[in-house]
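Here, each number is a calculation from the coordinates, and none is a lab measurement. Note that the structure is predicted; figures quoted are calculated from it, not measured. Neighbour counts are summed over all protein chains in view; Cβ atoms, including those assigned to glycine, are modelled from backbone coordinates with ideal geometry.
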Amino acid sequence: MIILPGGMPGTLNLEKSPYVQAAIDFCMKKNITIGAICAAPSILGHKGLLNGKTAVCYEGFEAQLEGAEIGTGSVAVDDNIVTARGAGVAVQFALALVEKAVSKAESDRQFRAILCE
């Protein structure tokens with residue numbers, strides 16, 4: 001799994017990194033989960049990886065999600081791509097990633113363990 005944390009100028013720096021680009025390409029080729037939150041889903045949009053997928057991002061970055069159907073929730077899971085709107089939904093994002101990596105039961109257990117409401 002790779003997680004793209006977002007924020008500015010971090011998202012721009014991640015997008016410029018050949019190492020990050022190679023890691024994203026590797027994950028896509030192997031169907032490995034890619035998580036991106038806040039502005040970071042724009043990186044996936046610029047690469048054409050969101051074509052036909054549902055995705056979300058930080059408000060104002062929707063045009064950068066090239067080819068995506070813009071979701072209405074806080075977190076969107078579509079195949080191996082998990083996207084989230086921003087820091088305010090970081091817990092939901094993390095739990096969606098736990099569900100992808102382990103199981104729904106483990107995600108639910110973690111939800112209860114952190115006393116999330």
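Cβ-Cβ distance of LYS30 and GLU66, R₀ of 30 Å, FRET efficiency by 1/(1 + (r/R0)^6): the value works out to about 0.85. Put simply, when 94-102, 37-45 are sorted by average Cβ atoms within 10 angstrom per residue, most first, you get 37-45, 94-102. Shown for the chain: lysine pairs separated by 8 or more places, or found on different chains, whose C-alpha atoms are under 21 Å apart, numbering 9. For the chain, the dipole from Cβ point charges (+1 on Lys and Arg, -1 on Asp and Glu) about the Cα centre works out to 300 debye, to the nearest 20.
Which label marks the calculated value of Kirkwood radius over Cα pairs in Å, given the options (1) 16.1; (2) 14.1; (3) 14.9? Here the calculated entry is (2).
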